[in-house]
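The values are calculated or read from the model by the stated rules, or taken from the named source; none is laboratory data. This is a predicted model, so every value here is computed, not measured. All Cβ positions, even for glycine, are placed from backbone atoms using ideal geometry, and neighbour counts span all protein chains on display.
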Amino acid sequence: MTAFATRVLHWFDTHGRKDLPWQRDVNPYRVWVSEIMLQQTQVQTVIPYYERFMRTFPDLMSLADADIDAVLLHWSGLGYYARARNLHRAAQIIRDEYAAEFPAELDAVLALPGIGRSTAGAILALAKQQRHAILDGNVKRVLARHAAIAGWSGTTDVANVLWARANELTPLERVAEYTQAIMDLGATLCTRTKPACDACPVAEDCVARLSASVDLYPGRKAKQVKPLRQTIMVMALSDDSVYLERRPPAGIWGGLWSLPEVQNVADWCMQILHVAPAATESQAVLRHSFSHYDLDIQPVVVRVVARSRTVADNADATWHALDDEPPGGIAAPVQQLLNTLKTNRHVTNR
């Protein structure tokens, strides 16, 4: 075992996180769900989602047999919804092709939707004690600083160097503990800003610390100005119910229920609801930021006196009672608009 791994494990024994929900009753399914939720999402944000998810889908079969709407409903607000769709699809594959047993071979795990090299390694290391290196965001930061590995990890050359370093340092013994330990080290001490170098178990030979250049690592992608996009969302309201439609399975908020995006409100009302709006009211623009662009949403409240009967026969559209649980997953900005509509519904038309 390398001196690096020995020190990290010694630190973990005293300071590591050992009471996270997915560290109880450890099995591949529970670890897998946690690893997918933790992609691009912090632990404290994930915990309540994970606990709720596990109450409804306690095992692989319950997830595989579930309706996608139920899965997306439990993911609402967590973002990056392709993760939920891939999780559901992968559960069905494991049910159908592996007799509901999570595969134990790295290549088989990698072939599942939504699972990359680091996630696969983490699942097999944490749940099955197999020796696999991992390279999530926290680990990249620790390794880049400790060895002063320059450059953005999104490039092939830098990623290869980091993977080689991760593999070199991963021990043969206590693989699960080491995997958790190095993730914890990045999450709690070797943080992006204001790292606690004085408490770090590998600070004595950290090249970035010794050269007073911690802030330079890991290298960042060249900053680009995010484009701004604009859209109109219709909040068609009738008798305390709002018109929702299911978005296409691919693309932004794929498979989620949403307020319709339109070009022209009056035209949409005639084409979809087959009625002219009794009244319309534009509300304040809501800006939502994605990783690659910002979206300005112009909400328009539309009062409808008579609902279209054809909507009731459409599995991808519904009149949703504002006081009821949503029919499926709802993206955070859409839920925010619905909450506002629910609060103001009795005063909207005064």
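Taking the criterion of being under 17 Å from Leu9 (Cβ atoms), out of contact with any Pro (no Cβ under 9 Å at 6 or more places or on another chain) and either not assigned by TED's automatic domain parsing to the domain that holds Trp22 or not hydroxyl-bearing (Ser, Thr, Tyr) (or both), would at least one residue in segment 148-163 satisfy it? First the steps, then the outcome.
If we filter segment 148-163 for residues that are under 17 Å from Leu9 (Cβ atoms), which is where we start, we get none.
Scanning segment 148-163, I find no residue that is under 17 Å from Leu9 (Cβ atoms), out of contact with any Pro (no Cβ under 9 Å at 6 or more places or on another chain) and either not assigned by TED's automatic domain parsing to the domain that holds Trp22 or not hydroxyl-bearing (Ser, Thr, Tyr) (or both), so the answer is no.
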Within segment 245-261, of all residues that are on the phi > 0 side of the Ramachandran plot and in contact (Cβ under 8 Å) with a residue 60 or more places away in the chain, the one surrounded by the fewest Cβ atoms within 10 Å (Cβ to Cβ) is Trp253
Sole miss for Val242 among (1) of a type in the set (A, V, I, L, M); (2) touching a residue at least 24 places away in the same chain (Cβ under 8 Å); (3) under 29 Å from Gly154 (Cα atoms) is condition (3)
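Please enumerate the residues belonging to segment 66-120 that are of a type in the set (Ser, Thr, Tyr), part of a loop (DSSP other than H, G, I, E, B) and at pLDDT 95 or above.
Tyr98
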Which numbered condition trips up Glu35, out of (1) assigned to a helix (DSSP H, G or I); (2) under 16 Å from the mean Cα position of the chain (by Cα); (3) farther than 20 Å from Asp136 by Cβ?
(3)
Give the residues of segment 163-214 that are more than 24 Å from the chain's Cα centre (by Cα), in a loop (DSSP other than H, G, I, E, B) and in contact (Cβ under 8 Å) with a residue 12 or more places away in the chain, sorted by residue number.
Thr170, Pro171, Leu172, Glu173, Arg174, Pro195, Cys200, Pro201, Val202, Cys206, Ser211, Ser213
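Considering only residues that are among the hydrophobic types (A, V, I, L, M, F, W, C) and surrounded by 15 or more Cβ atoms within 10 Å (Cβ to Cβ), which ones fall in segment 7-27? If you could, list the steps in order and put the result at the bottom.
Residues of segment 7-27 among the hydrophobic types (A, V, I, L, M, F, W, C): 8-9, 11-12, 20, 22, 26.
Listed by number, the residues that qualify are Val8, Leu9, Trp11, Phe12, Leu20, Trp22.
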Where a residue in segment 59-77 is outside the structural domain of Asp96 (by TED's automatic domain parsing) and over 10 Å from Leu256 (Cβ atoms) and its partner, wherever it lies, is aromatic (Phe, Trp, Tyr) and at pLDDT below 95, with Cβ under 8 Å and at least six apart
none
Within segment 127-143, identify whether any single residue is more than 23 Å from Ile36 (Cα to Cα) and either in a helix (DSSP H, G or I) or under 25 Å from the mean Cα position of the chain (by Cα) (or both), and answer yes or no.
no
